[in-house]
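Student: Submitted below is the structure of interest, expressed as structure tokens.
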């Protein structure tokens, strides 16, 4: 498996996600409503030595990807680690409409659909549900479109969907996702999860490997389920040639110092760190602190 | 299987001592799809057949609220333990009847008032239990969201009270239950008000004042048409004689008039963000509360406990407050 970039800039800061303060989140949302401010952060990060970015397929991602594509000479070397889907969009639609009308909306009612629209006609939902894997492929294609022509290294399934599906314990979903991403897009499949020990155990049981697992890993034990100890046990015994591990939420939303965070992260058998920061100073100190084995 | 049904299945299926044996849904598409990938689970297109099948010891009821009474009643008759989504019923009389029935049969019964399992509000309950802020004199609770931020077409479950729509059922029920969780049943309800912003058949804003034994008063305000909130905001202010607690979904702050050495709380404000409160759960899907809530239900059955989480009896009090707001 191709080696992961050790340092990846994430996107939480751009989308008003802050586990600590709603006010701070609102402030960030306002600042990054202007895409120029987003690119200022990216440019600062690249100057500090970051070579890879992670981006969720949400509303702002389309414009971000467009600008990256438009300036290929400047950004052509950036490695991409996108994640799909934009879970809030689906959650709201499923809540309002029910799951099948929501899927129908995404696939057939325009918005992001485009090319998929022409592939099959309307009113085929009943047929589609008999082949949920085909339905999944189409949803992936819809979301993947915004990342076309970018240098994608790993393509992730977001934790809300990974963990929801993991609970069902259906092997086909994980197997099919991984195979489809590998075959159609020629990139490494990845899963974001807040249940790393559970997921890794299942993937092993199902014989699915050569995938990346990204999970919340931090000295505070924040969002590490079922426990920090269980994470440490699984990470220590992991074989990175089968599962490369990527840590997210390493600063536990600011509940621990950068020093504490990275003393911990650097001591573990993990291959990559995705972090969020918006000031050049924070980016620089974070990049310098990451010294994975 | 709407959004809650899909979530609950995923969570409870990971409980090591629980086996999922049956699903009932009226959508044939859902049953086809589930049936294909969950071959050991039996699919029913009528909940009555599921309850009669002998395949289940417990059910999770996520139907529209107006059906809760019939489903729960039949489950009780069949000796089946029930976890029922909120709002519990659409009438206080039905809520009481169900609570009586389940208690008589000794079946575990729980309503999905999930904020009881939130780490922050759990901490608030603990602090109140220790009387850290002295005698509570007043509480102010608000729940605001942008759920309905434009004119509503008259379809969809949120535009009908029978299906659990309206700001009082959707959001008021949660804060009224939190008050029940913290302080028990109110003695008097005054100053109730409902108002509309965008909806036609249901209310978008609801207010009430609750008065408790011992004189504590509480203001409740919910508004699901507050477009300034991207995410729902549930906020509590609890004013006591020895201090004050402020809490929301992001953490809590406590003000002590005097230092409390035993609790490590200095005089003045102490602020604890949510990520500083240890909150591990066995399997995370959509926040730890959903998991803790359902595991509590399953464990109560496995450990042969009589009650779990938010019992039907407590949900009766909440139902009474809700309907008082509707009627006054």
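Student: What number of residues within segment B:171-189 are in a loop (DSSP other than H, G, I, E, B) and surrounded by fewer than 22 Cβ atoms within 10 Å (Cβ to Cβ)?
Tutor: 3
Student: Would you confirm whether any residue within segment B:259-273 is in contact (Cβ under 8 Å) with a residue 60 or more places away in the chain and within 14 Å of another protein chain (Cβ to nearest Cβ)?
Tutor: Yes: segment B:259-273 contains one or more residues that are in contact (Cβ under 8 Å) with a residue 60 or more places away in the chain and within 14 Å of another protein chain (Cβ to nearest Cβ).
Student: Got a sec? Which of A:27, A:40, A:23 is surrounded by fewer than 19 Cβ atoms within 10 Å (Cβ to Cβ), modelled with pLDDT of 95 or more and more than 20 Å from the chain's Cα centre (by Cα)?
Tutor: Going through A:27, A:40, A:23 in turn, just one is surrounded by fewer than 19 Cβ atoms within 10 Å (Cβ to Cβ), modelled with pLDDT of 95 or more and more than 20 Å from the chain's Cα centre (by Cα): A:40.
Student: Quick check on segment B:292-300. Is at least one of its residues within 12 Å of residue B:119 (Cβ to Cβ) and surrounded by 15 or more Cβ atoms within 10 Å (Cβ to Cβ)?
Tutor: yes
Student: While we're looking at this one, here's another question. Can you find a residue in segment B:74-86 that is within 14 Å of another protein chain (Cβ to nearest Cβ) and either within 25 Å of residue B:169 (Cα to Cα) or modelled with pLDDT of 95 or more (or both)?
Tutor: yes
Student: Could you check segment B:226-238 and list, in sequence order, the residues that are surrounded by fewer than 18 Cβ atoms within 10 Å (Cβ to Cβ) and at pLDDT 95 or above?
Tutor: Within segment B:226-238, B:235, B:237 meet the criteria.
Student: Follow-up. What's the number of the only condition in (1) more than 23 Å from the chain's Cα centre (by Cα); (2) within 12 Å of another protein chain (Cβ to nearest Cβ); (3) assigned to a loop (DSSP other than H, G, I, E, B); (4) crowded, with 17+ Cβ neighbours inside 10 Å that residue B:56 fails to meet?
Tutor: Among (1) more than 23 Å from the chain's Cα centre (by Cα); (2) within 12 Å of another protein chain (Cβ to nearest Cβ); (3) assigned to a loop (DSSP other than H, G, I, E, B); (4) crowded, with 17+ Cβ neighbours inside 10 Å, residue B:56 violates only (2).
Student: May I pose another question? Looking only at segment B:127-151, filter to residues that are modelled with pLDDT under 95 and surrounded by 15 or more Cβ atoms within 10 Å (Cβ to Cβ); which one of those is nearest to residue B:246 (Cα to Cα)?
Tutor: Looking at the filtered set, the residue picked out is B:145.
Student: Something else: Can you find a residue that is part of a helix (DSSP H, G or I) and free of Cβ contacts under 8 Å to residues at least 60 places away in the same chain anywhere in segment A:217-229?
Tutor: Within segment A:217-229 (the criterion being part of a helix (DSSP H, G or I) and free of Cβ contacts under 8 Å to residues at least 60 places away in the same chain), the answer is yes, since at least one residue qualifies.
Student: Within segment B:254-266, identify whether any single residue is under 29 Å from residue A:197 (Cβ atoms) and not assigned by TED's automatic domain parsing to the domain that holds residue B:9, and answer yes or no.
Tutor: no
Student: Can you tell me which residue is nearest to residue B:108 (Cα to Cα) among those in segment B:290-309 that are touching a strand residue (DSSP E or B) at 6+ places or on another chain (Cβ under 7 Å) and at pLDDT below 95?
Tutor: Among them, the one singled out is B:308.
Student: Looking at B:192, B:147, B:168, which is the one that is touching a helix residue (DSSP H, G or I) at 6+ places or on another chain (Cβ under 9 Å), part of a loop (DSSP other than H, G, I, E, B) and not assigned by TED's automatic domain parsing to the domain that holds residue B:68?
Tutor: Just one listed residue meets the conditions, B:147.
Student: Oh, and also: When you check residue B:223 against the structure, is it surrounded by fewer than 22 Cβ atoms within 10 Å (Cβ to Cβ), closer than 27 Å to residue B:161 by Cα and either without any contact (Cβ under 8 Å) to a residue 12 or more places away in the chain or not assigned by TED's automatic domain parsing to the domain that holds residue B:99 (or both), yes or no?
Tutor: no
Per-residue answers, yes or no, for (1) part of a helix (DSSP H, G or I); (2) surrounded by fewer than 17 Cβ atoms within 10 Å (Cβ to Cβ); (3) touching a residue at least 12 places away in the same chain (Cβ under 8 Å):
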{"residue": "A:45", "(1), (2), (3)": "yes, no, yes"}
{"residue": "A:54", "(1), (2), (3)": "no, no, yes"}
{"residue": "A:83", "(1), (2), (3)": "no, no, yes"}
{"residue": "A:88", "(1), (2), (3)": "yes, yes, yes"}
{"residue": "A:101", "(1), (2), (3)": "yes, yes, no"}
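Student: From (1) crowded, with 20+ Cβ neighbours inside 10 Å; (2) modelled with pLDDT of 95 or more; (3) closer than 23 Å to residue B:293 by Cα, pick out the condition that doesn't hold for residue B:50.
Tutor: Single failed check for residue B:50: (3).
Student: Right, something else. Could you tell me whether residue B:191 is over 19 Å from the mean Cα position of the chain (by Cα) and in contact (Cβ under 8 Å) with a residue 12 or more places away in the chain?
Tutor: In short, yes.
Student: Sticking with this one: When the residues of segment B:254-284 are narrowed to those that are at pLDDT below 95 and out of contact with any strand residue (DSSP E or B) (no Cβ under 9 Å at 6 or more places or on another chain), which ends up surrounded by the most Cβ atoms within 10 Å (Cβ to Cβ)?
Tutor: So, considering only residues that are at pLDDT below 95 and out of contact with any strand residue (DSSP E or B) (no Cβ under 9 Å at 6 or more places or on another chain), the one surrounded by the most Cβ atoms within 10 Å (Cβ to Cβ) is B:279.
Student: Tally up the residues in segment B:283-315 that are assigned to a loop (DSSP other than H, G, I, E, B) and either under 25 Å from residue A:90 (Cβ atoms) or without any contact (Cβ under 8 Å) to a residue 12 or more places away in the chain (or both), please.
Tutor: Adding up the residues that qualify gives 7.
Student: Would you confirm whether any residue within segment B:12-23 is in contact with a helix residue (DSSP H, G or I) (Cβ under 8 Å, 6 or more places away or on another chain), within 11 Å of chain A (Cβ to nearest Cβ) and in a helix (DSSP H, G or I)?
Tutor: There is at least one residue in segment B:12-23 that is in contact with a helix residue (DSSP H, G or I) (Cβ under 8 Å, 6 or more places away or on another chain), within 11 Å of chain A (Cβ to nearest Cβ) and in a helix (DSSP H, G or I).
The values are calculated or read from the model by the stated rules, or taken from the named source; none is laboratory data. Small disclaimer: the values here were computed from a predicted structure and weren't measured. We place every Cβ from the backbone using ideal geometry, glycine too, and count neighbours over all the protein chains shown.
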